[in-house]
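Reading through the structure tokens given below for one structure.
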Amino acid sequence: MTNLIAGQDCHLTVIYNPVAGQRRGRRFRAVLAALAARGIAVDLLETAGPGHATRLAQDLRERAVPPRLVVVAGGDGTINEVANGLAGGPVALGIVPLGTANVLALELGLPRDPAGIAATIAAGACRSIHLGRVDSALGARHFVMMAGVGYDAHVVAGVSPRLKRRVGKLAYVGEMVRQLRHFHFTPYRLAFDGAAPVEAASAIFANGRHYGGAFVCAPAADLAADRLEACLFGRGGRLAAIHYGVMLGLDRVPRLSSVTLQPFRRLAVTGPAGDPIQGDGDVIGRLPAEIRLADTTLLVAAPVRPLLTES
């Protein structure tokens, strides 16, 4: 397969989130060393805040002669931003996973060791994946792995970025406990592909199988498919939320009678006005909103293997 960086004079542009890199700086430096050992020089572009990675990616894409590959070093939120800047264009996305969950890297089967990450980038194997899209009062945003409304979106909206940098996933555990005391579990109404609305206490809209790490909410979701998969949680309240959390950890959510899995291409979702919509671990919209399969795709550098893998 054609090497994506062969035409870039062995120079590679890396968009780097230094905040994500604080906890995994040693891994990032090891990846850079592994790339250098392969004769690949790196031009490093550091992000300076929310939204900056999207602007950097757009600038690279809009060059008269854009690079064939841009690498993002960061977590799922930074990957989401770069994906929004590159979506629908000819520039492929490479990944150095440095975040808390690294859900897309897990879905794609990317290596975790620095030498393997560098080898994947250098190999240049490329595939096309579909994206999801959220249209709300905040504008249009793509999501790569998942979006959600309800309890999980409020957890994402409420988690402290400073605490997340310090303790990683434990920050989410603390916010989950806090939300159990404050979240009202007001039902959401969802109209799938023009059908009559249904209600759910919370919902995940999956583009891939994995959620929050190695957990699986929607087993039939596939980045290569021309559809999304909704995971609807029918029961509200604190005990139900705790039960769902335990079942998620045991990979049993899809088997629960109170959970409905629904494939779709477009849906309208309403609920409390202004409620957050999370996408890839960041707030990307506010209710009411339309959520759909995006018209654009994204090229990603990943090992040659099926996108849909067994857990």
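Miscellaneous remarks
- Scanning region 25-41 for residues that are under 13 Å from residue 96 (Cα atoms) and surrounded by 14 or more Cβ atoms within 10 Å (Cβ to Cβ) turns up 27, 28, 30, 31, 32, 34, 35.
- Within region 182-203, residues that are under 13 Å from residue 237 (Cβ atoms) reach partners that are among the acidic types (Asp, Glu) with beta carbons closer than 7 Å, at six or more positions or on different chains, in the pairs 187/199; 202/152.
- Being among the small types (Gly, Ala, Ser), surrounded by 14 or more Cβ atoms within 10 Å (Cβ to Cβ), touching a helix residue (DSSP H, G or I) at 6+ places or on another chain (Cβ under 6 Å) and closer than 22 Å to residue 284 by Cβ is a property that holds for residue 208.
- Checking each residue in region 92-109 for being under 18 Å from residue 29 (Cα atoms), part of a loop (DSSP other than H, G, I, E, B) and more than 12 Å from the chain's Cα centre (by Cα) picks out only 98.
- Every residue from region 156-172 that is surrounded by 14 or more Cβ atoms within 10 Å (Cβ to Cβ) and part of a helix (DSSP H, G or I): 156, 157, 158, 163, 164, 165, 167, 171, 172
- Hits in region 30-65 (condition: farther than 25 Å from residue 112 by Cα and of a type in the set (Lys, Arg)): 55, 61, 63
- Candidates 262, 278 - the one that is surrounded by fewer than 21 Cβ atoms within 10 Å (Cβ to Cβ) and touching an Asp or Glu at 6+ places or on another chain (Cβ under 9 Å): 262
- From 141, 133, residue being in contact with a Gly (Cβ under 8 Å, 6 or more places away or on another chain), part of a strand (DSSP E or B), under 24 Å from residue 302 (Cβ atoms) and touching a residue at least 40 places away in the same chain (Cβ under 8 Å): 141
- Number of residues in region 251-271 that are at pLDDT below 95 and among the aliphatic types (A, V, I, L, M) equals 0.
- Looking at 228, 223, 190, 232, just one residue is at pLDDT 95 or above, touching a Ser or Thr at 6+ places or on another chain (Cβ under 6 Å) and surrounded by 21 or more Cβ atoms within 10 Å (Cβ to Cβ), and that residue is 232.
- Filter pass, residue 302 being modelled with pLDDT under 95 and either buried (at least 18 other Cβ atoms within 10 Å of the Cβ) or in contact with a helix residue (DSSP H, G or I) (Cβ under 8 Å, 6 or more places away or on another chain) (or both): yes
The values are calculated or read from the model by the stated rules, or taken from the named source; none is laboratory data. All figures in this text were calculated on a predicted structure; none of them were measured in a lab. Reconstructed Cβ throughout: ideal geometry from the backbone, glycine too, with neighbour counts over all protein chains shown.
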